[in-house]
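All remarks here apply to the structure that follows.
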Amino acid sequence: MTSRRRRTRTSLTSVLVLLALAVGGYALHAAGVIAPDAEAAPATTSAPTATDAPTIETEPGTAGTTRASRTAAPSAADAPSAAAEIARAELAALPVKGKAPATGYDRVGEFGTAWLDVDRNGCDTRNDVLARDLSAITRQGSCRVMSGTLVSPYTGARIDFVRGEGTSTLVQIDHVVALENAWRTGAQQLSQREREALANDPENLFAVDQHSNGQKRSGDAATWLPAEKSFRCTYVEHQVAVKTKYRLWVAPAEHDAIARILSNC
């Protein structure tokens, strides 16, 4: 009788152990500790490569919204064509009409003394443009450019600038929209402050060689263009931008000349 009870307890204990092992194994499987098929599961998994899926980035200001990022930046050739496209649209919006007479035109009286400090950075506009357009510059103080090297955008010629009598004029500051041209195409209707801003606007100014500036005088795109043909697109794009900004107009021949250049940009 005692022996039978011991066998019964032993059998019951074995059943309970097996039951505990089964329950424990199920719990480990559910927790992901034991793979569903340990022999079939690979020991390691490979991370996806960059080409397996597009890069995803969150759109600014739209949490939870994603989009595939562009895989390549715009090419360098896209920038000039984009600028030309803007210029073509602005040119189409500019009024086209004849020039007003230049009778009584006075550069200083209408556009202020050359050169002012309209941006109030402590430096006059000429020194600002020299510092921007020349390389390897030296200064006296914080503003006065004493020397530097210019590659004239109008000719491609290299000029070693040295400030001094007889040498300073070798590098001049050209108004892309000449001030007399501006006066004859709408600037008469601007305030004195607006005209002074136009005369000192960096977008309307380039440091150039003396010969080109003297040759151009008050010409527009119909009568004068830079000898350096590769710069003509940039040149007329600036003219259109300035005329748009200051609410000026273009003469018919000027309009056609600009449109012809922009068509090839």
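Some observations on this one:
- Each Cα pair under 8 Å and six or more residues apart adds its separation to the average, and for region 108-265 the resulting relative contact order is 23 percent.
- Rounded to whole Hz, the Karplus (6.51, -1.76, 1.60) HN-Hα couplings of region 158-164, x for glycine and proline: 8, 10, 8, 7, 9, 5, x
- Within the shell defined by Cβ-Cβ distances under 14 Å, the residues around Arg120 carry a net charge of -4, with Lys and Arg each +1 and Asp and Glu each -1.
- What the phi angles of region 221-238 give under the Karplus curve with 6.51, -1.76 and 1.60, with θ = phi - 60°, is a coupling list of 5, 7, 10, 7, 9, x, 5, 6, 5, 5, 9, 5, 4, 4, 4, 6, 4, 5 Hz, glycine and proline written as x.
- Amide H contacts of Ala157: Ser152, each under 5 Å away and 5 or more positions distant or on a separate chain (H built 1.01 Å from N in the peptide plane; Pro and chain starts excluded).
- Here's the list of lysines a cross-link from Lys97 could span, going by alpha-carbon distance under 25 Å and ignoring same-chain residues fewer than 8 apart: Lys216, Lys243, Lys245.
- Lys99 contributes about 80 Å² of solvent-accessible surface, heavy atoms of the protein only, 1.4 Å probe.
- The Rg/Rh ratio of region 135-265, with Rg taken over Cα atoms and Rh as the Kirkwood radius over Cα pairs, comes to 0.99.
- Taking θ as phi - 60° and the Karplus parameters 6.51, -1.76 and 1.60, the scalar couplings of region 113-124 work out to 5, 8, 10, 8, 10, 6, 8, 6, 9, x, 10, 6 Hz in sequence order, x denoting glycine and proline.
- Residues Thr244, Thr125 ordered from highest to lowest accessible area at a 1.4 Å probe: Thr244, Thr125.
- Accessible area per residue for region 155-244, computed on protein heavy atoms with a 1.4 Å probe, is 43 Å².
The values are calculated or read from the model by the stated rules, or taken from the named source; none is laboratory data. A quick note: this is a predicted structure, and the numbers were derived from the prediction, not measured. A quick note on method: Cβ atoms are made from the backbone with ideal geometry, for glycine too, and the neighbour counts reach across all protein chains shown. Just the protein is used for accessible areas: all its heavy atoms, side chains included, with ligands, DNA and RNA removed. Shrake-Rupley method; radii C 1.70, N 1.55, O 1.52, S 1.80 Å.
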